[in-house]
Each structure stands twice: as C-alpha cells, then as structure tokens.
Amino acid sequence: MALSEKELIEIRRKLHQIPEIGMEEFETQKILLAIIEKFPHDFMKIKTWKTAIIVHLTGSKGQTTIGYRTDIDGLPVEEKTGLPFSSKHKGRMHACGHDIHMTVCLGILSYFAEHQPKCDMTFIFQPAEENASGGKQLYESGALDEWMPDEIYAFHDNPQLPAGAIGCCMGTLFAGTCEIHAKFIGKSGHAAFPHLANDMVVCGAQFVNQIQTIVSRNIDPIESGVVTLGHFEAGTTGNVIAGSCQIDGTIRALTQVNNLKIQKRVRAIAEGVAKSFDCELELDLHQGGYLPVENNDETTKNFISYMKENKDVEFIETKPAMTGEDFGFLISKIPGTMFWLGVDSPYSLHSEHLAPKEEAIQKGVSAMIGFLEDRQRQL
Ligand SMILES: CC(=O)N[C@@H](CCC[C@H](N)C(=O)O)C(=O)O
C-alpha cells in the first residue's frame, strides 16, 4: 500500500530524530532502506553508493526516465524546537527540512512502486547537500549512469510559504554559492609591544571591511550578489596579540559569471591585505557543485502550468533566492525543475527553532504524484 499520511508523519518524526552530517548518513540510509524494502518490488531495483540510495522503477513503456531527487543530510545545529520528537543526535538537526524532503520522496516512491509508471523512474536519495556537493559526487561516481534520468525534479522546503503551497519560477531559482575559507598568519606577542608582533585581528578586520566593497562597487546594481562572512576567530585573550585569524564565509550570485567575478575579487583583496600586513595567507575558495539552480524552460513551463491548473494546489510564483543547492550541478547536466514546498514557520531555514508544518507532507506528495502522472501521459 502507498504510505498513508499517518505513516508519512511517523516516518518524518523518526528521521527527524537522527540527523547526520553529509557523507555520514549511515543510520538515515539504514532506515530509508528498511522502508523502501517493504514496497512492492515487481519492477523495482535498488542500489547504494556510499550513503546514497538509488531506486529504479521500470516503466510499462519505458523510453524516457524521469528522475526525482531528495537530499538526506542534516546540519551541525543544536535543536531548540522543544518538539517531543527532537533530534537525539547532540549538535545535529534537520534544520533545513531534509527530513520533510525524504518523507515526501518516500511517499511518491511508495505510490509508483504500486502503480507501475509508464516511464522509467529513478529516485535519488542524495547525501551531503549542505557541505560536500553530494549530488556532484554521486553523478561523477558513475553510480547513476545505468539509470540516468532524461529529466529531473526536486524541491526545497520553504518556511515563508503556506504549508503545502508550491512555489516556483522560470529561469534561476537559487544562487550559485562558493565557500570562503581564509587564514591570515602573522606573529603573536604581548599587547604592550605591538611593534614586535604582527596583529592578525587588525589584518582580519581590514579583510572584512574591504570585502564589503565587492557587491557595492564591482557588481552591476541591477544584478545582485552576497558576500557573508559568518565566522571570525582570532586570539585567545585581551592582552595577547593574535598571531592568526580564521575567517569563513560564503559567496552567492544568481549567475555563474557574477559568482566567478566575486571569487576573483575576494582572492585579490585577501592577497592584497596579506601583502600589506606582511603576513601569510591560506585561502580556499570552494564552489564544488553549488552552481546556480537554473530551471529548464520546457520542464518548468510545463510544471508551473500543471500546478496552476490543479485546483488542489496553492501555487505561488516566487522570486529567485540567494539560498544555494547542489541540485544546481545535477540540473546543469540533466534538464529539470526545482521548486519550493511551503512549510509555514516563523523561523528561517538553518534556525535551531525551525519546525515545518507536517500537513505540507501529504500535500507535497499528492501534488507531485499528480504532476508526475500527468507528465508521463505527455511523454
Ligand atoms: C538550502 C540551503 O540552505 N542550502 C545551503 C547550501 C550550502 C552551500 C555551501 N555549503 C556554502 O555555504 O556556500 C545554503 O547555505 O544556502
């Protein structure tokens, strides 16, 4: 039997309690496999790659393969929702709602495992969306090759949209991102003798300030970009000059051209600051698979038109967002559509208080089963 709403909620709560960091999703994989194993296997094949699971359904007239992807990793966040089914893993939380993503994916899979699709279908449970470009790694491993989708779909939950609403737009949905890891290495010393040391707090502060000019001075104001430095660590106490400074952050831009432009400016400023402070610099700018999520024109036009016409779906045309997603890599290889599923929460993604509304799950499953059936009639 396809999973009922009650079963879906039970599964979501179970998954919510065991969040794991990217590429370490061993328990998550075990639970997912145990659930999938119970689905009918008449036309289903399963394989794993590291902590990923790939499920293939052979369609009755399978000439085209439709892909559907969920991510499965959690974040290094200490949960503070107070929910009775809060995370049991200290310092780990499904603070980006991937427990909702997995549950919706299982709901859709459970339906098609029972109702043979016309097209072949590949369901991808992908690790490490948050930290290690799991989608890119999986694609490049070749594990998808024999079941490679011709088109692919995925969603991200959105606390700002009503529970169960579907949001999407033509073109770019999410920004491309790039992690910044900068370490300035000078010389520590006594607070009273600055001339005998090389103070990396002052150096790091210069870097932070100069970085602020990139978006305001180097990016066309009609376009956009973000440079956020979320982590600054230097020194140990007030009367010791800090000998090193670690700064970490992230770049976001809606086009790859602007992303690369910002990366170039971050590098130039970091190198310039290091030179002017006569210190060493270790700089890592890491984009990995976090390319802009560029929705394909044909699949997205069709997706939006289905969702708008479906009376049971609340469809909201959204603007592009500066969130990143390594689905950007998969969608650069396979045409497809990414969309939002509303989960209505006053807290943002990555908040320790995020508590998505569970009524979104069944709504998301029903909307996607309807869409995927409609799509298969066209192919
Ligand atoms: C939806 C979401 O929140 N995605 C993450 C993706 C991480 C990107 C990468 N690790 C970075 O920090 O640049 C996001 O932070 O947008």
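What follows draws every value from the coordinates through simple rules; no lab data is involved. All values derive from a computational prediction rather than experimental measurement. Virtual Cβ from ideal backbone geometry, glycine too; neighbours counted across all protein chains shown.
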Problem - Nearest-20 debye value, segment 131-203 charge dipole, Cβ charges on Lys, Arg, Asp, Glu - result: 620 debye
Handout entry: Set of aspartates and glutamates near K357 by C-alpha distance (under 14 Å), chain-local residues within fewer than 8 positions excluded
Key = E5, E10, D99, D157, D344
Exercise for the section: On a 0 to 90° scale, report how tilted helix 5-16 is relative to the longest principal axis of the chain, with both axes built from alpha carbons and the result rounded to the nearest 10. Expected result: 30 degrees
Handout entry: Cross-link partners of K61 among lysines (Cα-Cα below 27 Å; sequence separation of 8 or more within a chain)
Key = K38, K45, K47, K118, K301, K333
Practice task
Send over the semi-axes of segment 176-286's equivalent ellipsoid, whole angstrom and largest first, taken as the square roots of 5 times the C-alpha gyration tensor eigenvalues.
Solution key: 29, 12, 11
Handout entry: Size descriptor, Kirkwood hydrodynamic radius, that averages inverse alpha-carbon separations across segment 1-111, Å
Key = 14.8 Å
Completion exercise
Given unit charges at Cβ for Lys, Arg (+) and Asp, Glu (-), the dipole magnitude of the chain about its Cα centre in debye, nearest 20, is 220 debye
Handout entry: For C178, residues with placed amide H under 5 Å, excluding near neighbours
Key = I251
Problem - Relative exposure of Y290, Y347, Y153, Y111, judged by other C-beta atoms within 10 Å (fewest first) - result: Y347, Y111, Y153, Y290
Exercise for the section: Search the structure for amide H atoms under 5 Å from the amide H of S244, placed 1.01 Å from N in the peptide plane, and list their residues when 5 or more places away or on another chain. Expected result: G186, M200, G235
Fill in the blank from the handout: Between E78 and residues 5 or more places away or on another chain, the pairs with built amide H atoms under 5 Å apart involve none
Completion exercise
Charge dipole of the chain built from unit charges on the beta carbon (Lys, Arg +1; Asp, Glu -1), centred at mean Cα; most positive-end Cα among T177, V313, I331 is T177
Practice task
Starting from the Cα coordinates of the chain, work out the convex hull volume and express it per residue in Å³.
Solution key: 141 Å³
Problem - Residue-wise HN-Hα coupling along segment 330-338, computed from phi with Karplus coefficients 6.51, -1.76, 1.60 (Hz; x: Gly, Pro) - result: 4, 6, 7, 9, 10, x, x, 9, 10
Exercise for the section: Indicate, rounded to the nearest 5 percent, the antiparallel portion of the DSSP beta bridges found entirely in the chain. Expected result: 70 percent
Fill in the blank from the handout: Among I166, I35, I72, the residue with the largest mean-square fluctuation in a Gaussian network model of the chain built from Cα contacts under 10 Å is I35
Exercise for the section: Set Lys and Arg Cβ to +1 and Asp and Glu Cβ to -1, take the dipole of segment 176-286 about its Cα centre, and tell me which of T228, G189, V215 lies farthest positive. Expected result: V215
